[in-house]
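Student: Have a look at this one.
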Amino acid sequence: MERVEIILGDITQIKVDAIVNAANPELMPGGGVSGAIHRAAGPSLAEACKKVAPCPPGEARITPGFNLPAKYVIHTVGPTWNGGQSGEARILEAAYRNSLLLARQNQIRTIAFPSISTGIYGYPLHEAAPIALRVFKEEAHNFEKIYMVAYDKLTYQAYTEAWKSLSEG
Ligand code: AR6
């Protein structure tokens, strides 16, 4: 069984040790996947976030999952896309890496990620996918399961194709 799996679905419904939130540096609920996670977790999540904020881009913070099926939420902040010459790739990679590091420090064995930065933050999907998957491939031996949860078909296809290229190359 592959330790890295790309699935189509809603990350708030997934029963894993931790789900990752594509957050803003203030760790405020916001929109996108972050809004959905806060709605599903309940208002205690925003309270817990206040205690661990701020979170600069590329870093990660952990809170309980409250009403979510997941035990923890790892909040990470991806880069805002600004043309690609402002360190975006390095920050995106750090967001994935630091989330997995924090997961290991908390004995998390199963973890699910959304596609960080490719929504409101505007990171091109086809450039983001291989960055995420290379980190997953490197870290896979430290986990039972790492899921990439795509919310739409285009995202699912982009990650599936990038995974195929990585495995062949
Ligand atoms: N499950 C999985 N993925 C989802 C879900 C869901 N329930 N809902 C949306 N997505 P975004 P960003 C996908 O915009 O680009 C927030 O306001 C979505 O389709 O949520 O990192 C924060 O507070 C897309 O593929 O995150 C920040 O201010 C992916 O999640 C800002 O947006 C990420 O899209 C962060 O922007």
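The values are calculated or read from the model by the stated rules, or taken from the named source; none is laboratory data. Everything quoted here is computed from the prediction, not taken from an experiment. Methodologically, a virtual Cβ is constructed for each residue, glycine included, from the backbone with ideal geometry; neighbour enumeration extends over all protein chains shown.
One line per residue, one yes/no per condition, for (1) out of contact with any Asp or Glu (no Cβ under 9 Å at 6 or more places or on another chain); (2) buried (at least 24 other Cβ atoms within 10 Å of the Cβ):
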{"position": "106", "(1), (2)": "no, no"}
{"position": "116", "(1), (2)": "yes, yes"}
{"position": "120", "(1), (2)": "yes, no"}
{"position": "127", "(1), (2)": "no, no"}
{"position": "133", "(1), (2)": "yes, no"}
{"position": "137", "(1), (2)": "yes, no"}
{"position": "147", "(1), (2)": "no, no"}
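Student: Residue by residue through the range 100-117, note down the ones that are touching a Leu at 6+ places or on another chain (Cβ under 9 Å), more than 13 Å from the ligand (Cβ to nearest atom) and under 20 Å from residue 33 (Cα atoms).
Tutor: Within the range 100-117, 111 is the sole residue that qualifies.
Student: I've got another one for you. Within the set of pairs 6+ apart or on separate chains, which have a first residue in the range 1-14 that is closer than 15 Å to residue 135 by Cα, a second that is part of a helix (DSSP H, G or I) and of a type outside the set (S, T, N, Q), and C-beta atoms under 7 Å apart?
Tutor: 3/140; 4/136; 4/137; 4/140; 6/156; 6/159; 6/163
Student: Also: Working carefully through the options 61, 39, find the one that is within 14 Å of the chain's Cα centre (by Cα) and farther than 26 Å from residue 158 by Cα. I'd like the intermediate steps shown before the answer.
Tutor: Working: 39 fails: within 14 Å of the chain's Cα centre (by Cα).
None of the other options fit; the residue is 61.
Student: Name the one entry in 71, 50, 15 that is among the basic types (Lys, Arg) and either within 17 Å of residue 150 (Cα to Cα) or at pLDDT below 95 (or both). Break it down stepwise before answering.
Tutor: Details: 71 fails: either within 17 Å of residue 150 (Cα to Cα) or at pLDDT below 95 (or both); 50 fails: either within 17 Å of residue 150 (Cα to Cα) or at pLDDT below 95 (or both).
Criteria check complete, one pass: 15.
Student: Just need a number here: residues in the range 1-29 that are near the ligand (Cβ under 10 Å from one of its atoms), surrounded by fewer than 17 Cβ atoms within 10 Å (Cβ to Cβ) and part of a loop (DSSP other than H, G, I, E, B).
Tutor: Going through the range 1-29 one residue at a time, the tally reaches 5.
Student: Based on what the data block shows, is residue 52 among the β-branched types (Val, Ile, Thr) and crowded, with 23+ Cβ neighbours inside 10 Å? Don't jump to the end; show me each part of the working.
Tutor: Details: among the β-branched types (Val, Ile, Thr): yes; crowded, with 23+ Cβ neighbours inside 10 Å: no.
It is false that residue 52 is among the β-branched types (Val, Ile, Thr) and crowded, with 23+ Cβ neighbours inside 10 Å.
Student: Let me ask something else about it. Of everything in the range 77-99 that's assigned to a helix (DSSP H, G or I) and closer than 11 Å to residue 61 by Cα, which residue is farthest from the ligand (Cβ to nearest atom)?
Tutor: Taking the range 77-99 and keeping what is assigned to a helix (DSSP H, G or I), we get 88-99.
Now narrow it down to the ones that are closer than 11 Å to residue 61 by Cα: 95, 98-99.
Details: 95: 9, 98: 15, 99: 12 Å.
Within the range 77-99, the match that is farthest from the ligand (Cβ to nearest atom) is 98.
Student: Moving on to the next point. Spot the failing condition for residue 120; the list is (1) in a loop (DSSP other than H, G, I, E, B); (2) within 16 Å of the ligand (Cβ to nearest atom); (3) free of Cβ contacts under 8 Å to residues at least 60 places away in the same chain, and only one is missed.
Tutor: (3)
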